[in-house]
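Here the structure comes first, spelled out in C-alpha cells, and everything after it is commentary.
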Amino acid sequence: MIDVLPIFRQSGALHEGHFRLSSGLHSSGYLQCALVLQHPVYAESLGRMLGDALRDLNPTVVLSPALGGLIIGHEVARALGVRAIFAERQEGVLTLRRGFSLSNDDRVVVIEDVVTTGGSTRETMVVARDAGATVVGAGSIIDRSGGTSSLDVPFRALATLSLPTYDPAACPLCAAGQPVTKPGSRA
Ligand SMILES: [Zn+2]
C-alpha cells in the first residue's frame, strides 16, 4: 500500500503556489499526474489500488478519455483482468475509434487521472451508454472536485484534494500581492 499525495509531491506533480489556469481562473495549486505516471512502478501500484476499490462493481471493461486517462486506465484494467479501451476527440466530440467496441453485456468503469468538475467523466459515460453498454462506476487517482462532482454511478478516488479556484477579480492570492504564474500544461 502506498500513500498517494506524498508520491505526487515527490514526483513534482503537485504544485502549490499561485497559478493562472487555462480556464482563466486563479488557483493555489494544480496537478500534473503524468509526472507520477511516468514511473511505471507508481502507475502499477495506483492502478492496483483503484482496481481493488472498483472490483465489487464487476466491471468487464475500463473506458478512459484520452489522453489523461490512458495510463491509469490501462493499469486499472490490468489489476481487474479486463480490457482497457479509450475514447478520443474527433471534431471536438469524444468517440470510440480504432475498432474499439462495447456490447450490451459490457459493464464499464470510466477511469481518469484527476476528476475536477466531472465533466469529462460524464462525457465518457455518454460514449459508453451510446454504445449500448452499462456504466457501473467511475474512478480516478485524485478527486479534486471537493465532493461536488455529482455522477449517477458510484465514484471512487484514491485521494481527495481541495485546490480552490478563484475569479481573478476576487483572488485572495492576488489581493496579497503574490505574483501569478502559468502552469506548464492543463490544470
Ligand atoms: Zn490570483
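Before moving on, here are some points about what is shown:
- Cα point-scatterer Debye curve for region 75-183, base-10 log of I(q)/I(0) at q = 0.11, 0.16 Å⁻¹: -0.46, -0.80
- Charge tally in the Cβ shell below 12 Å around THR117, where Lys, Arg are +1 and Asp, Glu are -1, THR117 excluded: -1
- Residue-wise HN-Hα coupling along region 160-176, computed from phi with Karplus coefficients 6.51, -1.76, 1.60 (Hz; x: Gly, Pro): 10, 9, 9, 10, x, 10, 9, 4, x, 5, 10, 7, x, 6, 4, 4, 7
- Rh by Kirkwood over Cα pairs, then Stokes-Einstein D for the chain at 1.567 mPa s and 4 °C, µm²/s: 76 µm²/s
- Relative intensity, log₁₀ I(q)/I(0), of region 8-115 from a Debye sum that treats every alpha carbon as a point, q = 0.10, 0.17, 0.19, 0.24 Å⁻¹: -0.34, -0.87, -1.00, -1.24
- Computed over protein heavy atoms with a 1.4 Å probe, the carbon and sulfur contribution to the accessible area of the chain reaches 51%.
- Relative contact order %, the chain, counting alpha carbon pairs below 8 Å whose residues are six or more apart: 24 percent
- Accessible area per residue in Å² at 1.4 Å probe, computed on the chain: 49 Å²
The values are calculated or read from the model by the stated rules, or taken from the named source; none is laboratory data. Because the structure is predicted, anything quoted here is derived from the model rather than measured. Neighbour counts are summed over all protein chains in view; Cβ atoms, including those assigned to glycine, are modelled from backbone coordinates with ideal geometry. Please note that ligands, DNA and RNA were not included when accessible areas were found on the heavy atoms of the full protein model with its side chains. Shrake-Rupley method; radii C 1.70, N 1.55, O 1.52, S 1.80 Å.
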